[in-house]
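J.: Provided herewith is a single structure, encoded as structure tokens, for subsequent inquiry.
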Amino acid sequence: MLALFAITGTVMAVAGEDEATATQQASQVTTAKVVRGKLAAVVSLDGTLTYRAQSDGSPYGVINHATGTYTELPDVGDKIACGGVLYRVDDHPVLLLCGTVPAYRDLQVGDQGKDVRQLNRNLHRLGFDAAGDSDAFTGQTQTALEELQRARGTAVTGRLGPDDAVALPDAVRIGKVTGELGGAARPGAAVARATSGALEVQVDLEASQQGAVKKGDRARITLPGNTSATGRVARLGRVAQIAGKDDDKAGDATISAYLTLDKPAAAHGLDAAPVQVEITTKGVDDALSVPVTAIVGKAGGGFAVEVVRGRGKRGLVAVKLGLFDDTSGRAEVHGELDAGDDVVVPSS
């Protein structure tokens, strides 16, 4: 719809086919070819390169459950892997476990539940001998946990308390530290804010674009320095955002879309950098197309193109419009046309 509105300002109203075909003269005109081939619809947007976080774009909160004094804290920009040490309280390491179940109880042999399965998966992925899909804390779990505790320099107990670990969905990059070195560590207090270590691009979709862009759509991303990268739409936000102005209306609301990069290394070190994004929303592999400027409006409604045939004879041919390719400036047409036909376009 956007492309259709865009062209109507340049379309010439034609009095009617009878009047147009009455002037079939061999006068000199500018023409372009009707072409058969691929077309793609593209949504062009400004975006921001950032680190992936929660589904709404906000960072994860690192919540402490230990009591004592912060004796070691991460620095902004530090990357911490699953099973790594996030920080220390009274010189006791607090580990990062990857998963979505917060630590809320002591875990030991005989326990069962989602939090136990999460622990087993972490131990298994770290290379310790634990049944990754089991929700039971067995002797095998205890032995694997002891190996992890020994490797991280913490007390080897074979048990895991809520003050021993923080659960977050993925390995993290520290974005902000809110705890203070030497300060009091209190249960429930935020220690830091973190994101995933993976880069992504965030764009804001206007209301007219929200129905067009879908998860999985391919995109071309222009990075600072005019470097080009490719990616795809990974997810769409669920909450509409409105700029903080009193006169804003619901129609001004935007929804964020988040794109992953096929080769994240191409954007290394470019956190918070502005980028240009072109999302290909759909395509047609075998379409007849003409330049958008060749389309004219018919009296009474509808569209046509003016075709130049043998001996310079010109006549209007009614067409139905399909996909608009904003990148190439061409539009898909359906009508009595063939590839190679000449259509009239405005002189430049």
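J.: For residues that are charged (D, E, K, R) and over 32 Å from the mean Cα position of the chain (by Cα), scanning just the stretch 106-128, find the one that is farthest from GLY84 (Cα to Cα).
T.: So, considering only residues that are charged (D, E, K, R) and over 32 Å from the mean Cα position of the chain (by Cα), the one farthest from GLY84 (Cα to Cα) is ASP111.
J.: Restricting attention to the stretch 65-77, report how many residues are out of contact with any Phe, Trp or Tyr (no Cβ under 8 Å at 6 or more places or on another chain) and either without any contact (Cβ under 8 Å) to a residue 40 or more places away in the chain or open to solvent by less than 60 Å² (accessible area, probe 1.4 Å) (or both).
T.: Adding up the residues that qualify gives 4.
J.: Would a scan of the stretch 298-309 turn up a residue that is without any contact (Cβ under 8 Å) to a residue 24 or more places away in the chain and either among the aromatic types (Phe, Trp, Tyr) or within 30 Å of GLU278 (Cβ to Cβ) (or both)?
T.: No: zero hits.
J.: Got a sec? Which of GLY301, GLY340, GLY269 is open to solvent by 60 Å² or more (accessible area, probe 1.4 Å) and part of a loop (DSSP other than H, G, I, E, B)?
T.: GLY269
J.: Hey, could you check the stretch 202-246 for residues that are small (Gly, Ala, Ser) and open to solvent by 50 Å² or more (accessible area, probe 1.4 Å) and say which is farthest from the chain's Cα centre (by Cα)?
T.: GLY244
J.: Could you grab me the full set of residues in the stretch 161-182 that are open to solvent by less than 20 Å² (accessible area, probe 1.4 Å) and over 31 Å from the mean Cα position of the chain (by Cα)?
T.: If the condition is that a residue be open to solvent by less than 20 Å² (accessible area, probe 1.4 Å) and over 31 Å from the mean Cα position of the chain (by Cα), then GLY161, GLY179 are the ones that fit.
J.: Between a residue in the stretch 226-238 that is farther than 16 Å from VAL42 by Cβ and among the polar types (S, T, N, Q) and any residue that is exposed (fewer than 13 other Cβ atoms within 10 Å of the Cβ) and modelled with pLDDT under 95, which pairs come within a Cβ distance under 6 Å, given they are 6 or more apart or on different chains?
T.: As it stands, the answer is none, since no pair meets every condition given.
J.: Taking the condition aliphatic (A, V, I, L, M), assigned to a loop (DSSP other than H, G, I, E, B), closer than 30 Å to LEU223 by Cα and touching a residue at least 60 places away in the same chain (Cβ under 8 Å), does LEU323 pass?
T.: Details: aliphatic (A, V, I, L, M): yes; assigned to a loop (DSSP other than H, G, I, E, B): no; closer than 30 Å to LEU223 by Cα: yes; touching a residue at least 60 places away in the same chain (Cβ under 8 Å): yes.
In short, no.
J.: Give the residues of the stretch 26-51 that are modelled with pLDDT under 85 and either farther than 21 Å from LEU323 by Cα or over 32 Å from the mean Cα position of the chain (by Cα) (or both), sorted by residue number.
T.: Residues satisfying the conditions are ALA26, SER27, GLN28.
J.: Right, next: Filter the stretch 183-201 for residues that are touching a Ser or Thr at 6+ places or on another chain (Cβ under 9 Å), of a type outside the set (Asp, Glu) and either part of a loop (DSSP other than H, G, I, E, B) or buried (at least 19 other Cβ atoms within 10 Å of the Cβ) (or both) and give the result.
T.: Across the stretch 183-201, the qualifying residues are GLY183, ALA185, ARG186, PRO187, ALA189, VAL191, ALA192, THR195, ALA198, LEU199, VAL201.
J.: Quick one: which of THR154, THR141 is of a type outside the set (Phe, Trp, Tyr) and either open to solvent by 60 Å² or more (accessible area, probe 1.4 Å) or in a loop (DSSP other than H, G, I, E, B) (or both)? I'd like the intermediate steps shown before the answer.
T.: Working: THR141 fails: either open to solvent by 60 Å² or more (accessible area, probe 1.4 Å) or in a loop (DSSP other than H, G, I, E, B) (or both).
Going through THR154, THR141 in turn, just one is of a type outside the set (Phe, Trp, Tyr) and either open to solvent by 60 Å² or more (accessible area, probe 1.4 Å) or in a loop (DSSP other than H, G, I, E, B) (or both): THR154.
J.: Would you check if there is a residue in the stretch 187-202 being among the hydrophobic types (A, V, I, L, M, F, W, C) and farther than 30 Å from LEU145 by Cα?
T.: There is at least one residue in the stretch 187-202 that is among the hydrophobic types (A, V, I, L, M, F, W, C) and farther than 30 Å from LEU145 by Cα.
J.: Could you grab me the full set of residues in the stretch 90-135 that are out of contact with any Phe, Trp or Tyr (no Cβ under 6 Å at 6 or more places or on another chain) and among the β-branched types (Val, Ile, Thr)?
T.: Correct list: THR100, VAL101.
J.: Name the residue that is nearest to ASP217 (Cα to Cα), counting only residues in the stretch 44-99 that are part of a loop (DSSP other than H, G, I, E, B) and of a type in the set (Asp, Glu).
T.: Taking the candidates together, the pick is ASP56.
J.: So in the stretch 304-335, with the set limited to residues that are of a type in the set (Gly, Ala, Ser) and within 41 Å of the chain's Cα centre (by Cα), which one is most open to solvent (accessible area, probe 1.4 Å)? It would help to see each step written out before you state the result.
T.: Applying the first criterion (of a type in the set (Gly, Ala, Ser)) to the stretch 304-335 yields 304, 310, 312, 315, 318, 322, 328-329, 331, 335.
Cutting the leftovers down to within 41 Å of the chain's Cα centre (by Cα) gives us 304, 318, 322, 328-329, 331, 335.
Details: ALA304: 0, ALA318: 48, GLY322: 31, SER328: 65, GLY329: 32, ALA331: 0, GLY335: 39 Å².
Step by step, filter the stretch 304-335, then rank; the result is SER328.
J.: Do you know which residues across the stretch 272-298 are part of a strand (DSSP E or B), within 19 Å of VAL308 (Cβ to Cβ) and open to solvent by 40 Å² or more (accessible area, probe 1.4 Å)?
T.: LYS298 - this is the single residue of the stretch 272-298 that is part of a strand (DSSP E or B), within 19 Å of VAL308 (Cβ to Cβ) and open to solvent by 40 Å² or more (accessible area, probe 1.4 Å).
J.: Which of the numbered conditions does PRO59 fail, given that it passes all the others? Conditions: (1) out of contact with any Cys (no Cβ under 6 Å at 6 or more places or on another chain); (2) modelled with pLDDT of 95 or more; (3) surrounded by 14 or more Cβ atoms within 10 Å (Cβ to Cβ); (4) farther than 23 Å from VAL305 by Cβ.
T.: For PRO59, the exception is condition (2).
J.: Right, here's the next one. Does ARG121 satisfy the criteria of being surrounded by 16 or more Cβ atoms within 10 Å (Cβ to Cβ) and of a type in the set (D, E, K, R)?
T.: yes
The values are calculated or read from the model by the stated rules, or taken from the named source; none is laboratory data. Keep in mind that what you see is a predicted model, and the values were worked out from it rather than measured. Glycine also receives a Cβ, built like all others from the backbone with ideal geometry; neighbour counts cover every protein chain displayed. Side chains are part of the model used for accessible areas, which takes the heavy atoms of the whole protein and leaves out ligands, DNA and RNA. Shrake-Rupley method; radii C 1.70, N 1.55, O 1.52, S 1.80 Å.
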